[in-house]
Amino acid sequence: MLEPSLHPVMLLGIVSLAVLATEASAQNPPRYYAHHAVHDQYGVIAPWYNGLNGQCDWRVRIAAETLKRFPWTDTSNAIAAYPHYVFTSLWAIDAQGNITPRNPGDWMNGDIGQRATSVLIGFSDYYRYTGDASAIAHLHYMADYVIDHCLTPSDHDWPRFFISVPVKGKAYGNADPNGMIQLDLCGSVGYALLRAYQVTGNTRWWEIAKHWGDVFAQKCNLTPGEDPWGRYANPESAPWKNNKMTGGVTMILAFLDELIRLGYTGKNGEIVRARDAGRRYLREKLLPAWHVIDTWGRYFWDWENPVQNCLTTPDAAHYLLAHKEEFPNWRTDVRNILTLFLNRSSVNPESNGDVYSGAWAFPEACNCCGRSLWYAPLCLAPVLARYSVEADDAWCRELAYRMMVLQTYDGHETGLSEDNIDGGVIVNGDWLNIAHPLPLRHILWAISWLPEELGANRENHIARSTSVVNSVVYGKGKIEYSTFDAPKNTVDVLRLAFLPASVTADGKPLRLRRDLRGNGYTVKRLPNGDAIVHIRHDGATRIVVTGDDPQQVIEASQLRYEGGWQTLPDGTRVTQSAGAAFTATFEGNQVRVIGNFDAFGGQADVYLDGQKQLVHIDCWNPTARERQVLYYRNGLSPGRHTLRIVARGAGNPYSKGTRVSVSEVQFSAAEGKHYFPSGTGPTQPQRMLFGHTAREDYRDSRGNRWRPGTEFVIRCGSCKDSVAESWWTSPVQEPIAGTQDPELYRYGVHGKDFWVDVTVNPTRRYDVRLKFAARSGTEGNRFHITINGEQVATDFDVVKAAGGTNRATDLVFRNVTPVQGIIRIRFTGTQVTEGENTRQLEAFVQAIEVTPSIRGR
């Protein structure tokens, strides 16, 4: 069949799912990470976990509880008493959940900057989400250690500044200023410290953060066209001599922006000028080079890292999303930066980054770390999720959603985390930060942007806030919380087990609205009885939401007690005695113990259905907080359960007492699931122009937009740059014949074997159009093409099909059925024999268009 203005076109009729499933099914192992794979009816990855709270919420609890029960140091083996994770990320955990901290020595102590960022942001968000005020204590442990033991001396060139990579000096002691002071990590910890300050109100943290901002501003090179900062404050300390900072500048910018937002601009506005210089560098130098391999690199502290990595990439994209007014091209820039990493990180044949059961999984960079394909997608997915919401992009939403399902396959109830996609431990058995603090931060972040898809059923949670929640009480039918501030466009997002009957801000009622153009709230009812609630409250910081909550309460007076307990005027029961206990029996699937935290708080053990839990309760907090969550457990099997809390008669090293209190026990038997959907994904046309590195999408003669083709795999080799190796980024200058859109045929991707994984809605069928034009030097190349494992073209010769070089020709295949939510188009060069030698020719393609078939489903 011939189509107007095009050379010969191949057509492929409807192909059954069973025929096309061969290649995809063969590569999918029966187990991912820690659990056997579960698929939905379309073969797409589905949760292994069946609890009502959902797999992501479950993994958040495991991360937090592992940190909460970490062994402590004392002053005989460390410079101060803290949980060991404050001093070291080197650990071991056995199958029963027993934790063994390990001395990191000099070099392995270098991840304090990454670890502190994860802990401070993770626990700040965890408090908002759960109301568990033990998070506040952990903010103090980490922040105080950083300020008291990890700063340069006052006479240093960067005085009283954070030593972000202390690879010299004594472990468990003061950080040595001769260690590396990596500035992007200083920025990320500064930002995290400001978040923690807004939760706690600790002015000491605020003062040191302002000082860091002043130092950053004083050291900034304001000269236009120059880099504002190097990678290190002390480049002589690094084993490598390149001091260039690239995309990590956004971590510094986020810190300076938060200082400015909180009202501190430095002496004569120095911080504003430094921030503007950093933005200029990002806008004028980095974004035009978005496809260059080190633009979003040079972050990992333990090597030079001159390649794109899994943390700078999402951080830079997130910065653009947070400042869209400053970066008007954010829609394409963010999408390009994020999805380029899919291509870049999958080059290593030892890692085999690829699509697994419809979800992308890939390593931290193009060279590390074997089959540990776990934590890098956790870092990218939350920003893809945010982008999908703010750009209304179904493709990125599906990428993020499937990644989060697959990447929460790693955990065990004991805290053991398997990061090898084939099962087993590679990185997480040594690096605590990657096993738990990092996922605590990033899974909460993903839930915050996809609360309907990833959030817990029949529970109450503040999923996100544009401000910082500094106090929250989750009561029955009444959620009371406050934010640090409430500037213009302050919006909170909640997933509730009830429909709000009223919402007030600073005591004044807010009205139900269709949109949030002004103060008020919107409600999206979910089929299971839950609701997604958006609240805008500019200028008001105290919010109260009430409604008919299915949660039930056992008052303190109704609990069964053993040992000595006192009753406070408000009915709260308190004990300081070892062995004193209370018991609650309930019918439900979730339970929460509500009580008080203060400087006299003690510890207690938890027994659920007779089983002692790994995590204990610690009621210590430097300042009093009432009616907080002391312990929670959700995802229980429906039915009768017994909870018993036994006071230890002891406290942590900072407590002035041993006090344990209980105000009430909350529980719920509400059922109904609405989460982790099936049969979702983009149904709109997807058009990919390979090798195209312009920041704007190409618009063809019909007005269709073509994005850079990034969702493909080519095994160039460890540490190879897929862009340099396989992208034709320089356009063909000669005229392209046989098309009204020659620009679609001037670039391309080439290699001996590569495949494009197009993420689609699995419920539809699609037409696939492949666009080719042989450029000079490709004459004689022939290749095979398969779609979902079915060979659809053999020894395809573009020159022959098109009638010469620089002539356009298309192949079209109709009614293609996705396999596991993917259309995989593979291009493999033909093997040719020349005498006694065999070599493989190269394949190539210029552009691909995937559109829903007219026949539809």
Practice task
Considering (1) open to solvent by 10 Å² or more (accessible area, probe 1.4 Å); (2) aromatic (Phe, Trp, Tyr); (3) touching a strand residue (DSSP E or B) at 6+ places or on another chain (Cβ under 7 Å), say which one TRP107 fails and leave the rest.
Solution key: (3)
Completion exercise
Those residues of segment 244-264 which are open to solvent by less than 50 Å² (accessible area, probe 1.4 Å) and assigned to a loop (DSSP other than H, G, I, E, B) amount to MET245, THR246, GLY247, GLY248, LEU262
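Yes/no per residue for (1) among the small types (Gly, Ala, Ser); (2) over 18 Å from GLU452 (Cβ atoms):
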{"residue": "TYR481", "(1), (2)": "no, yes"}
{"residue": "ASP485", "(1), (2)": "no, yes"}
{"residue": "LYS524", "(1), (2)": "no, no"}
{"residue": "ILE532", "(1), (2)": "no, no"}
{"residue": "GLY539", "(1), (2)": "yes, yes"}
Practice task
Would you check if there is a residue in segment 111-121 being part of a helix (DSSP H, G or I), of a type outside the set (Lys, Arg) and at pLDDT below 95?
Solution key: yes
Exercise for the section: Tell me which residues, restricted to segment 631-670, are open to solvent by 30 Å² or more (accessible area, probe 1.4 Å), touching a Ser or Thr at 6+ places or on another chain (Cβ under 6 Å) and closer than 26 Å to PRO550 by Cβ. Expected result: THR642, ARG644
Fill in the blank from the handout: Scanning segment 77-104 residue by residue, those open to solvent by 30 Å² or more (accessible area, probe 1.4 Å) and small (Gly, Ala, Ser) turn out to be ALA92, ALA95
Practice task
Kindly indicate whether PRO685 is under 21 Å from CYS396 (Cα atoms), in contact with a strand residue (DSSP E or B) (Cβ under 7 Å, 6 or more places away or on another chain) and open to solvent by less than 20 Å² (accessible area, probe 1.4 Å).
Solution key: no
Exercise for the section: Quickly run through segment 818-835 and pick out the residues that are over 29 Å from the mean Cα position of the chain (by Cα), open to solvent by 20 Å² or more (accessible area, probe 1.4 Å) and among the polar types (S, T, N, Q). Expected result: THR828, GLN831, THR833
Problem - In segment 128-158, residue nearest to ILE617 (Cα to Cα) [restricted to those that are in a loop (DSSP other than H, G, I, E, B) and open to solvent by less than 40 Å² (accessible area, probe 1.4 Å)] - result: ALA133
Exercise for the section: Determine if segment 509-526 includes at least one residue that is under 19 Å from ILE447 (Cβ atoms) and not in a strand (DSSP E or B). Expected result: yes
Handout entry: Some residue of segment 544-553 being under 31 Å from the mean Cα position of the chain (by Cα), exposed (fewer than 15 other Cβ atoms within 10 Å of the Cβ) and on the phi < 0 side of the Ramachandran plot
Key = no
Completion exercise
Just one listed residue, out of GLY595, GLY635, is out of contact with any helix residue (DSSP H, G or I) (no Cβ under 8 Å at 6 or more places or on another chain) and either in contact (Cβ under 8 Å) with a residue 24 or more places away in the chain or not in a strand (DSSP E or B) (or both), and it is GLY595
Practice task
Kindly establish whether ASP392 is on the phi > 0 side of the Ramachandran plot, open to solvent by 10 Å² or more (accessible area, probe 1.4 Å) and not aliphatic (A, V, I, L, M).
Solution key: yes
Problem - Count of segment 274-300 residues which are touching a helix residue (DSSP H, G or I) at 6+ places or on another chain (Cβ under 7 Å) and either outside the structural domain of LYS168 (by the TED database) or open to solvent by 50 Å² or more (accessible area, probe 1.4 Å) (or both) - result: 0
Fill in the blank from the handout: Scanning segment 215-234 residue by residue, the ones that are open to solvent by 30 Å² or more (accessible area, probe 1.4 Å) and either assigned to a helix (DSSP H, G or I) or aliphatic (A, V, I, L, M) (or both) total 3
Practice task
Sort out which residues of segment 474-509 are among the hydrophobic types (A, V, I, L, M, F, W, C) and open to solvent by 30 Å² or more (accessible area, probe 1.4 Å), and write them in order of number.
Solution key: PHE484, VAL491, LEU499, ALA501
Fill in the blank from the handout: In the set ILE426, ILE337, the lone residue that is open to solvent by less than 10 Å² (accessible area, probe 1.4 Å) and at pLDDT 95 or above is ILE337
Exercise for the section: May I ask you to list the residues in segment 159-175 that are open to solvent by less than 10 Å² (accessible area, probe 1.4 Å) and polar (S, T, N, Q)? Expected result: SER164
Problem - Scan of segment 793-804 for residues that are in contact (Cβ under 8 Å) with a residue 60 or more places away in the chain and crowded, with 18+ Cβ neighbours inside 10 Å, ordered by number - result: ALA793, ALA801, ALA802
Practice task
Output the number of the condition that PRO653 fails; it satisfies all remaining conditions of (1) in a loop (DSSP other than H, G, I, E, B); (2) without any contact (Cβ under 8 Å) to a residue 40 or more places away in the chain.
Solution key: (2)
Practice task
Would you mind stating whether ARG702 is part of a loop (DSSP other than H, G, I, E, B) and basic (Lys, Arg)?
Solution key: yes
Fill in the blank from the handout: Pairing a residue in segment 420-446 that is in a strand (DSSP E or B) with any residue that is open to solvent by 10 Å² or more (accessible area, probe 1.4 Å) and at pLDDT below 95, where Cβ atoms lie under 8 Å and the two sit 6 or more apart in sequence or on different chains, gives ASN420/GLY370
Practice task
With respect to ALA316, determine if the residue is free of Cβ contacts under 8 Å to residues at least 40 places away in the same chain, closer than 12 Å to THR246 by Cα and not polar (S, T, N, Q).
Solution key: no
Practice task
Can you tell me which residue among ASN815, ASN837 is modelled with pLDDT of 95 or more and among the polar types (S, T, N, Q)?
Solution key: ASN815
Fill in the blank from the handout: If we keep only residues of segment 836-857 that are of a type in the set (Asp, Glu) and more than 36 Å from the chain's Cα centre (by Cα), then the residue least open to solvent (accessible area, probe 1.4 Å) is GLU842
Practice task
Could you tell me whether any residue of segment 792-799 is at positive phi, at pLDDT below 95 and either out of contact with any helix residue (DSSP H, G or I) (no Cβ under 6 Å at 6 or more places or on another chain) or not in a strand (DSSP E or B) (or both)?
Solution key: no
Fill in the blank from the handout: Exactly one of GLY563, GLY571, GLY601 is surrounded by fewer than 18 Cβ atoms within 10 Å (Cβ to Cβ) and in contact with a helix residue (DSSP H, G or I) (Cβ under 9 Å, 6 or more places away or on another chain), and that one is GLY571
Practice task
Could you look through segment 526-539, keep only residues that are over 15 Å from ALA456 (Cα atoms) and surrounded by fewer than 19 Cβ atoms within 10 Å (Cβ to Cβ), and pick out the one that is farthest from the chain's Cα centre (by Cα)?
Solution key: GLY539
Completion exercise
Only one of (1) in contact with a Ser or Thr (Cβ under 9 Å, 6 or more places away or on another chain); (2) without any contact (Cβ under 8 Å) to a residue 60 or more places away in the chain does not apply to SER76, and that is (1)
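The values are calculated or read from the model by the stated rules, or taken from the named source; none is laboratory data. Note that the coordinates shown come from a computational prediction; the quantities given were computed from them, not determined experimentally. Please note: Cβ atoms are built from the backbone with ideal geometry, for glycine as well, and neighbour counts cover all protein chains shown. Side chains included, ligands, DNA and RNA excluded: accessible areas come from the protein's heavy atoms. Shrake-Rupley method; radii C 1.70, N 1.55, O 1.52, S 1.80 Å.
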